[in-house]
Amino acid sequence: MKIINLKSIDSTNDYCKRNLGEDLIVIAEEQSNGRGTKGRSFVSNSGGLYISVMKNYGEFPASDSFKIMINSCVAVCKTLESFGVSPKIRWANDVLADGKKICGILIENTLSDAYISRSIVGIGLNINNTLPENLKDIATTLFEQTEKSISVEAVRKILIENLQKEYSIDDYRAYISWLNSPVTLKFLDGEVVAKAISVENDGRLKVEIGGEIKIISSAEVSLKL
Ligand code: BTN
């Protein structure tokens, strides 16, 4: 796949959207307008890895969209493991180390009828970057976790290799440690404590709230562990 290395860009996902056509991997040393899920921003100072993989599909069923999430989350987890970190997934698409966010993933799919015709998987991984003061309690870096300065290139190489592999939902589930425990669900209009039961095959989360079973999608809610 063609790889484009940039020093600085607004957002590697947005770069892909402006350069539709062939499959692309776009990497930037920093982003001025890094974007997260649910319209949030993603702090993208130099020293981190900011990468987007744009793939065109023939007929990839939209009902299988969770597979794209599985592949990217597990590829990140396997990459972190190869540097001695024990990652966890916070459903749906955050990767934590030592309870703090080390990586965020933003997947933007283009649909045509019941199919995904294109996906842009954007991954932001904290490596040697300095975190702003307000994120220090909730985010971490590979440097903080390993107490070693590992080069962004070394991480990037392994991540790109892992992103070419196929993983299963069981691989994804292996990085989830919080099932059967109480979690806080953050809806737009407030928070609810629930018991997490399972991640369903389609990626939705099965929870028990006040004795009632509910199945919720990650578009409606974020999870606080
Ligand atoms: C999140 O945590 O909400 C998702 C963050 C995704 C950040 C990555 S960095 C590379 C790509 N470009 C972006 O603007 N966002 C993604």
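A few notes on this one:
- Residue match in segment 22-31 (condition: in contact (Cβ under 8 Å) with a residue 60 or more places away in the chain and farther than 23 Å from Ser149 by Cα): yes
- Every pair of residues 6+ apart whose Cβ atoms lie under 7 Å, when the first sits in segment 78-94 and is open to solvent by less than 10 Å² (accessible area, probe 1.4 Å) while the second is of a type in the set (D, E, K, R) and part of a helix (DSSP H, G or I): Pro87/Glu81
- Taking residues in segment 171-200 that are part of a strand (DSSP E or B), and partners anywhere that are acidic (Asp, Glu), the pairs with Cβ atoms closer than 8 Å and at least 6 places apart or on different chains are Thr184/Glu191; Leu185/Glu191; Phe187/Glu220; Ala194/Glu208; Lys195/Glu208; Ile197/Glu208.
- The residue of segment 98-108 that is surrounded by the most Cβ atoms within 10 Å (Cβ to Cβ), among those that are of a type outside the set (Lys, Arg) and within 14 Å of the ligand (Cβ to nearest atom), is Cys103.
- The selection criterion, being farther than 30 Å from Pro61 by Cα, modelled with pLDDT of 95 or more and not polar (S, T, N, Q), holds for Glu153.
- Within segment 47-67, tally of residues that are more than 14 Å from the ligand (Cβ to nearest atom) and either open to solvent by less than 10 Å² (accessible area, probe 1.4 Å) or of a type outside the set (Ser, Thr, Tyr) (or both): 10
- Scanning segment 112-152 for residues that are of a type in the set (Gly, Ala, Ser) and farther than 17 Å from Ala97 by Cα, we see that the one that is farthest from the ligand (Cβ to nearest atom) is Ala114.
- If only residues of segment 201-225 that are in a loop (DSSP other than H, G, I, E, B) and in contact (Cβ under 8 Å) with a residue 60 or more places away in the chain are counted, the one that is most open to solvent (accessible area, probe 1.4 Å) is Asn201.
The values are calculated or read from the model by the stated rules, or taken from the named source; none is laboratory data. The structure presented is a predicted model; accordingly, all values stated were derived computationally and were not measured. Using ideal geometry, Cβ is built from the backbone for each residue, glycine included, and neighbour counts are taken over all protein chains shown. Keep in mind that these areas ignore ligands, DNA and RNA; they rest on the heavy atoms of the full protein, side chains included. Shrake-Rupley method; radii C 1.70, N 1.55, O 1.52, S 1.80 Å.
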